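Notes for the one structure printed next.
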Amino acid sequence: MRLSTGFVRASGYAYKVRRVLFAVTRGKVEPKEVIRAAAELNQHIFKRLQETGVKKEDVIRVTVPFGISAGRITWKYEGMEVEVYRREEEKNLAMAMEEIEERERALDERIRELENLAVQLKSLSNRMMEEIERIKEEHTSLKLRAEG
């Protein structure tokens, strides 16, 4: 398997790693393991960014292969690639990143709204099922009284 952050500002890579790792491992490992593995990878990425003098406003893309064994994520650091696009050298990319970040914020907000709506719908569905069961019980008791 492979994790790829896509283009992200260096200041936001840790959040993106966590989010992507949760998405690509959904149903394969426990959330606690995702958090542990993301923290481990983020330490390696941070060290690499420090070594190469990456600034927080630069844009990076991280790709790293990994495996899952016995519910544990293991990184294959020898295959890790960190592409760096320096803000002062890549003006167009920096502007595109601002647009991407804005769209990601809007998407995150929309996802939260939909999650809240799903919770409300589930609650309403449960109330409807309870009402249906109550009506069935009422109907059965009326039927029994009428027959008795």
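The values are calculated or read from the model by the stated rules, or taken from the named source; none is laboratory data. In this text, all values refer to a predicted model and were calculated from it rather than measured experimentally. Here the Cβ positions follow ideal geometry from the backbone for every residue, glycine too, while neighbour counts run over all protein chains shown.
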Quiz item: So which pairs qualify, if the first residue must be in the stretch 50-71 and at positive phi, the second must be surrounded by fewer than 16 Cβ atoms within 10 Å (Cβ to Cβ) and not small (Gly, Ala, Ser), the Cβ gap must be under 7 Å, and the two must be at least 6 apart or on different chains?
Solution: GLY71/GLU30
Quiz prompt | Filtered residue count, the stretch 97-148, keeping only those that are within 30 Å of LYS56 (Cβ to Cβ) and β-branched (Val, Ile, Thr) | solution = 2
Quiz item: Before we move on, is ARG145 at pLDDT below 80, over 25 Å from the mean Cα position of the chain (by Cα), exposed (fewer than 11 other Cβ atoms within 10 Å of the Cβ) and over 20 Å from ALA38 (Cβ atoms)?
Solution: yes
Exercise. Would you check if there is a residue in the stretch 121-143 being outside any helix (DSSP H, G or I) and of a type in the set (D, E, K, R)?
Key: no
Quiz item: How about the stretch 58-81: which of its residues are charged (D, E, K, R), surrounded by fewer than 16 Cβ atoms within 10 Å (Cβ to Cβ) and more than 12 Å from THR5 (Cα to Cα)?
Solution: ARG72, LYS76, GLU78
Exercise. Test ASP108 against the stated conditions and say whether it is modelled with pLDDT under 95 and outside the structural domain of LEU3 (by TED's automatic domain parsing).
Key: yes
